Amino acid sequence: MVALDLDATQLDRYSRHLIMDAVGPEGQQQLLNSRVLCVGAGGLGSPAIEYLAAAGVGTLGIVDDDVVERSNLQRQVLHTEADIGTPKVESAAAFVEAQAPDVTVEPIERRLTKANARELVASYDIVLDGSDNFPTRFLLNDVCWLRGTPLVHGAVLRFEGQVTTIDPRADGPCYRCLFPSAPPAGAVPGCATAGVLGVLPGTVGCFQATEVCKLIMETGDPLVGRLLSYNAAGMTVDTVEYAANPNCPVCGTNGIDSIEEIEYTETCAIDDHCAGGS
Amino acid sequence: MHWKLFATLREATGHQEVAVEIEEDATIRDALDALLQNHPELEDELFSPQGELYNHIRLLQNGDDPFLTGDGFDADVGPDDELALFPPVSGG
């Protein structure tokens, strides 16, 4: 049972949540008590941060080492023309503080790396992956799995987005069960070289924020063991199930117990000698 | 049976779904050959210069990985089966 502590302003602000059976005062309190780390304050992070803040997620950590560039503004709706040259975590924090006074923002102007990932993830309940590169994505999967922290993955390219939820508590599959390693350089382009429809990360980031809220409130069916693919060109959503791989180098029987020996470069592959609890 | 293609594979062919005709005793290899016959542009997207299916490409048969649960390319394919091929994407 969650101790309820909503004041009169909060009863008004969150009234559309409070009247829902699936949320109610208890669900709202769970949101207010939760700590979520958003990795990236770009295309995916923008809508995710805005909606998680609006929903009353109590503490939002935002980690990003970039500054706002003009080419970001076609999709990164957290930032404005006036923010160009400003660290993204600063403009993101300013937006949240103006929008949602209940939310404590923890801006972390650093790049998530192998050296700091464990420490950063450790103080949050859930991680939302809004990064823009494979090494960060594989690093987050591995760290979150070892730590037991749920991870909501989202990624976009041109007209297509992918979303899945990794929940180590449910013993479900991890991202490496789906994709053991990253493509070789150039095989699957990123947004900087291949482009992305500006609206697309808005939709995909909202899918991710939805998953985070569901995990916090322990309601609905999260995308654990399911990869959602959204094709904005055909306006289709497909969900493909995937199972845990018993030979997965992270969550499999002989999976890693540390990221020490893994190189998060190129394909981020895990050699046999890293696995097996060595 | 039909193939479902995602992300760069959908873009390469211009199709999200591709139906192919297969024999009664067809395997995944046969279904893949039929797909490549219709869409040879997928060859470079799916296979390394050594002819191996790229590690980053995922192939699922009705949601299961035939390389984990069955016979891989030799697994049987029925007329109502759905085979899916997808790569990861990384943009954010």
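What follows draws every value from the coordinates through simple rules; no lab data is involved. All of these numbers come straight from a predicted model, not from anything done at the bench. Because the Cβ atoms are built from the backbone with ideal geometry, glycine has one as well, and the counts that use them run over all protein chains shown.
The packing ranking of peptides A:253-266, A:51-64, highest mean first, is A:51-64, A:253-266, where packing means the average number of other beta carbon atoms within 10 angstrom of each residue. Only aspartates and glutamates eight or more places from A:LYS88 in sequence, or on another chain, were considered; those with a Cα closer than 15 Å are A:GLU50, A:ASP64, A:ASP65, A:ASP66, A:GLU69, A:GLU97, A:GLU106, A:GLU109, A:ASP132. Around the Cα centre of the protein assembly as shown, unit charges on the Cβ atoms of Lys, Arg, Asp and Glu (plus for the first two, minus for the last two) sum to a dipole of about 1340 debye.
Taking amide H as placed 1.01 Å from N in the peptide plane, A:VAL196 has its amide H under 5 Å from the amide H of A:ARG158, each at least 5 places away in sequence or on another chain. Per residue, the average separation of C-alpha pairs within less than 8 Å and at least 6 apart gives chain B a relative contact order of 42 percent. Neighbour counting of Cβ atoms within 10 Å sorts the residues A:PHE179, B:PHE73, A:PHE159, fewest neighbours leading, into B:PHE73, A:PHE159, A:PHE179. Maximal additional length on extending the A:ASP21-A:GLU109 stretch stands at 27.8 nm, based on 0.36 nm per residue less the C-alpha distance. Computed on the Cα atoms alone, the convex hull of the stretch A:26-143 gives a volume of 89 cubic angstrom per residue. Projecting the Cα atoms of A:ALA94, A:LEU215, A:VAL240 onto the charge dipole of the protein assembly as shown (Cβ charges, centred on the Cα centre) puts A:ALA94 farthest toward the positive pole.
Over the C-alpha atoms of the stretch A:101-220, the Rg to Rh ratio, Rh being the Kirkwood estimate, stands at 0.95.
Within 10 Å of each residue's Cβ, count the other Cβ atoms and sort B:VAL89, A:VAL199, A:VAL89 from fewest upward.
A:VAL199, A:VAL89, B:VAL89
Shape analysis of the stretch A:97-137 yields a ratio of the Cα radius of gyration to the Kirkwood radius, Rg/Rh, of 1.01. Near the amide H of B:GLU82, within less than 5 Å, lie the amide hydrogens of B:ASN62, all on another chain or at least 5 residues away, with H placed in the peptide plane. Helical content of the protein assembly as shown, expressed as a calculated mean residue ellipticity at 222 nm, amounts to -8500 deg cm²/dmol (DSSP H runs of 4 or more residues, -39,500 (n - 2.57) each, divided by residue number, nearest 500).
Treating each Cα of the protein assembly as shown as an identical point scatterer and ignoring solvent, apply the Debye formula and state log10 I(q)/I(0) at q = 0.07, 0.09 Å⁻¹. Taking Cα atoms of the protein assembly as shown as identical point scatterers yields -0.32, -0.52. Pairs of Cα atoms in the stretch A:10-93 fall into 5 Å distance bins, from 0 up to the last occupied one, in shares of 3, 16, 23, 18, 13, 12, 9, 5, 1 percent. Farthest toward the positive end of the dipole of the protein assembly as shown, out of A:MET20, B:PRO79, A:PRO180, is the Cα of A:MET20, where the dipole comes from beta carbon charges about the Cα centre.
As a ratio to 2.2 N^0.38 Å, the alpha-carbon radius of gyration computed for chain B takes the value 1.02. Rounded to the nearest whole Hz, the Karplus-based 3J(HN,Hα) values (6.51 cos²θ - 1.76 cosθ + 1.60, θ = phi - 60°) of the stretch A:65-81 follow the sequence 10, 8, 9, 6, 10, 4, 5, 6, 6, 5, 9, 8, 6, 6, 10, 10, 3, with x at glycine and proline.
May I ask you to derive the relative contact order of chain A, considering only C-alpha pairs under 8 Å and at least 6 residues apart, and to give it as an integer percent? Relative contact order here is 17 percent.
Taking only C-alpha pairs under 8 Å that are 6+ residues apart, what is the relative contact order of the stretch A:1-123 in percent? After rounding, I find 24 percent.
Counting neighbouring Cβ atoms within 10 Å and putting the fewest first, the residues A:CYS38, A:CYS177 line up as A:CYS177, A:CYS38.
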